[in-house]
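Enquirer: The structure that follows is given in the form of structure tokens.
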Amino acid sequence: MRFLLVCSSLISLSYAADDNSQFLFNNAVICGEPFADPMWIPVLDMCDISCDPLKEYCVENDELKQMCKPMPEECQRGFSEYLARKWTKSEGRGIRRSIRGRRPL
């Protein structure tokens, strides 16, 4: 059971790293405006520090110092739900493809 939990967490993080920035921009109502603080600008895919993509996003100031900025709780919940729906849909497509590709015995 613990192994499955670790595996699902790793899968979630791989999806999260790719989708974090896009989700923030598309959901500014619940996540806040990423560019609201003129001193700290979102870094998107060029982050050199380790932020938790399920809870934080990477920002940088004009001196190129980076930090992890926490997402609001409502945004975190929405992002987790988004990833769960995306993962479920992609897994379902993979299963249907493998079944269709099989030859009858």
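Enquirer: Which members of segment 55-91 meet the condition of being surrounded by 13 or more Cβ atoms within 10 Å (Cβ to Cβ) and in a loop (DSSP other than H, G, I, E, B)?
Expert: Within segment 55-91, Lys55, Asn61, Met71 qualify.
Enquirer: Only one of these conditions is not met by Asp48: (1) in contact with a strand residue (DSSP E or B) (Cβ under 9 Å, 6 or more places away or on another chain); (2) among the acidic types (Asp, Glu); (3) at pLDDT below 90. Which number is it?
Expert: Going through the list (1) in contact with a strand residue (DSSP E or B) (Cβ under 9 Å, 6 or more places away or on another chain); (2) among the acidic types (Asp, Glu); (3) at pLDDT below 90, Asp48 breaks only (3).
Enquirer: Follow-up question, since we're still on this one. Note down all Cβ pairs under 8 Å where the first residue falls in segment 34-63 and is basic (Lys, Arg), the second is at pLDDT 95 or above, and they're at least six residues apart or on different chains.
Expert: Close Cβ pairs (under 8 Å, with a partner that is at pLDDT 95 or above) amount to Lys55/Pro70; Lys55/Met71; Lys55/Gln76.
The values are calculated or read from the model by the stated rules, or taken from the named source; none is laboratory data. Remember, it's a predicted structure, so these values are computed and weren't measured experimentally. Here the Cβ is made from the backbone with ideal geometry for all residues, glycine too, and neighbour counts use every protein chain on show.
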